[in-house]
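Before any comments, here is the structure.
The values are calculated or read from the model by the stated rules, or taken from the named source; none is laboratory data. If you're wondering where the values come from, they're calculated on a predicted model, not measured in any experiment. All Cβ positions, glycine included, derive from the backbone under ideal geometry; neighbour counts span all protein chains shown. Note: accessible area is taken over every heavy atom of the protein model, side chains too, but ligands, DNA and RNA are not part of it. Shrake-Rupley method; radii C 1.70, N 1.55, O 1.52, S 1.80 Å.
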Amino acid sequence: MRRWPRRKSWSPRTGGSRLLCCAALGLLGLTAFARHMPKIAVDRVALAARHYSFDAGRQGPRSIVFALPPVSWRDLRQSDAPHLREIVSQCGVGLMPALPMSGSDWSGIWVTLGAARAAVGAPAMPIPEPIDGKWRIDLDGARRANAHAHTGATPGLAGQMLHELDLTTAVVSPGRNGGEGALALADEDGLIDGVWAGEGLTDAAELRDALARALRQHAVILVDLSAMDSVEAADQVIGDALEMLSSRSQYLVIALSPRAGAVGTSSTMQLSPIAMRWTTWPTGSRSGLLTSASTRWEGIVTAADIAPTLLEWWAGQPPARIEMAGRVMRIVESYEAAQELDRLDLMLRERHRLQVRAGALYGAYLALLSVAALAMALWWREALRWLAAPALLGSLLPVGLLVSPLAGPGQAGQLLVAAGVAVGGTLAALLRPRSEQSLAVAMLAGAAVIAVDTVLGAPLMRRSALGFSVVSGSRFYGIGNECVGMLAAMATIGLGALMQAAPQRRKVAALAAIAAALVVGVPWWGANWGGYVAIAAGLVSVWVLTRKRRTRAAVLGLVLIGLAALVPVILDFLRPAAERTHIGSAAALLGGRADALVDMALRKLWMNWRLAAMASWWWVLAPLASAAAVGMLRRSGPARETLARKPYLSAGMWGAVVSALVAMVLNDSGVVSMGLALAVTLGALIFVGARGR
């Protein structure tokens, strides 16, 4: 007969330890519940209170946006504006790309706020007119302007979504502005629920009365103070509004400057300040740096992020409209947010100045190199060898400029570091006896620096003069189009040189090529679809040019490029919607629509033409560089004779050209990508012709 094990009797030692374990597990569970569930419950309760108590009259929730006069962050910090300083010290603060004071597209910022996507303004500023108890503003001009510019923006989208939530909107615009801010809150029919605007509101008492009526009757209010003479004058109005809001338990306040103010002697290419504060019982507001998924950069947001933030505050979830490129603003808590923003603002301004100076110096260097290479290739062939080191130095200078932020602040120090890195890389490469070995060392090392920085979150690109175009609002994360051009040329030339120097390393070169393309394209690293396709096209071109049956290889290569182009899109769609990059957003917006695809292509062409037209030196440097390349590659040219004996290196050179051309077509600032890719290629080409072996 089987005997069951005898149950042990309870004892203080065994029973007490079990009770302690259970108590510890229960405490951990309660801690997790206390950390997460109350927040969720409070958010849901706050949402219900905001959405359903709007009709409760004066005590209902409100959201208000203040548009400040043109001001920089530094001037705002130094101004005598106590109410704004109070908001800045108790809320989230950040910087925002905005129109310069000299910008002519003044209404574009209002259309951007209303469309949640970068937009252009109407040729003539429309004025709201009363109609059936409401106000209407003509959006036809803004629609035509955005259709002509192929921005993909829908004027009035944010106002339409607010009206769909049964929320009323209003604009208070004192002074000479005629209520143009209605462009930001009007719905798709141009309707807005209330407007108080014009010269009649210059009196303080009348303006205060208009604010009181707007806050009493409407849920979302835009107070346009941008026409006021100073921030101090606007601060008095903001103080009155905050006093009226003090009796409410729930409100959201956003203060921004739609146009950047002058800093020193420069009134262009600046970032403007933005602040956000909310009071929602019982959580209250937080202080820190503003950020969003649009920028992924603490301290920087975009104008397109304002509307999604308002809509989430009222509706409790991010907007689901694919036409909205903006994302909800968040606050990263920080006890020294203002000081951190001081440093960020200074760094971005210094970086822009360095970018202008370094661009001029690099362009002048390439022009002199081109003239010298052309003259020596045509008339003084024996002296061409003197250009080997300067040519390779010209290819590596952009890499040095990328690394230069390691020197700390100061333009002189960063330029010296850039030159030192380029000289050191050139000397290390020249130690190799053959040109393909030297190029493999120099190009692959430069490509590795860019790739590693991209994988690490672009800490160098954020601070480098070759970094993101933050001021123009074109890119904030991933890899910038400037570095795309450099990486494309260096990867293709370097891998071609590697296969020429060590043919047994072809498999290693193939793996390195795939890695370089993925670093640029995958959403969590480079997030640059145009640059990814450009690099893939260049690398596939290298493979095609080294095949015996090139026609067959070219067809297969086109198929491979087409399939590869889908990889970043698929990877982005597999991520949560809130974490998707602009790659997934653009793909969702296209959705198989041929007209949207045509608009995107035309927009890229238009932006590239504008960039080329703005750079006057481009029209001088491009002919000189082209003439130097022709002189090196003519029938009896020095580079052509050398490349004829080195087919893999020659394929790498042509692959870099293919990458440059594809990047120009697919990227918004493709002219920049193409220019840097061809600059690197020109230096490598002159080096091959000068080295001669």
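The table below gives the values:
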quantity	calculated
Whether the stretch 434-527 is rounded, prolate or oblate, judged on the alpha carbon gyration tensor where a/c under 1.5 counts as rounded	prolate
J(HN,Hα) series, the stretch 128-141, from Karplus relation 6.51 cos²θ - 1.76 cosθ + 1.60, nearest Hz, glycine and proline x	x, 10, x, 7, 6, x, 10, 10, 10, 10, 6, 9, 4, x
Amide hydrogen neighbours beyond the local backbone of MET329, cut-off 5 Å, H modeled	THR309
Length added when fully stretched, THR551-ALA320, from 0.36 nm per residue minus Cα-Cα	78.6 nm
Probe 1.4 Å - accessible area at GLU199, Å² to nearest ten	120
Anisotropy class of the stretch 313-469 from Cα gyration tensor, a/c 1.5 cut	prolate
Largest to smallest accessible area among ASP187, ASP140, ASP668 [probe 1.4 Å]	ASP140, ASP668, ASP187
Label-reachable residues, the stretch 145-172, where backbone N falls under 12 Å from a point 7 Å from TRP609's Cα toward its Cβ	149-150
Amide H contacts of GLY179 (H built 1.01 Å from N, under 5 Å, at least 5 apart or other chain)	GLY198
Descending semi-axes in whole angstrom, ellipsoid equivalent of the stretch 286-395, from the Cα gyration tensor	51, 18, 10
Simple spin-label estimate for LEU431 and ALA360 in nanometres, 7 Å along Cα-Cβ	3.7
Sequence-distant residues sharing a close amide H with SER272 (under 5 Å, placed H)	MET96, ALA98
Overall form of the stretch 128-197 per C-alpha gyration tensor (a/c, 1.5; a/b vs b/c)	oblate
Nearest-0.05 FRET efficiency for GLU129 and LEU574, computed from C-beta distance (R0 35 Å)	0.10
Proximal aspartates and glutamates to LYS646, defined as alpha-carbon separation beneath 12 angstrom and excluding residues fewer than eight positions away on the same chain	GLU436
Contour minus Cα-Cα distance for VAL452 and TRP618 (0.36 nm per residue)	56.7 nm
HIS83, HIS218, ranked by accessible area, largest first (probe 1.4 Å)	HIS83, HIS218
Computed accessible area, ARG136, all protein chains, 1.4 angstrom probe, square angstrom	100
Accessible-area value, GLU333, 1.4 Å probe, nucleic acids and ligands omitted, Å²	120
Simple spin-label estimate for ALA502 and HIS148 in nanometres, 7 Å along Cα-Cβ	5.8
Cβ-derived FRET efficiency at R0 35 Å, ALA338 paired with ALA419, nearest 0.05	0.45
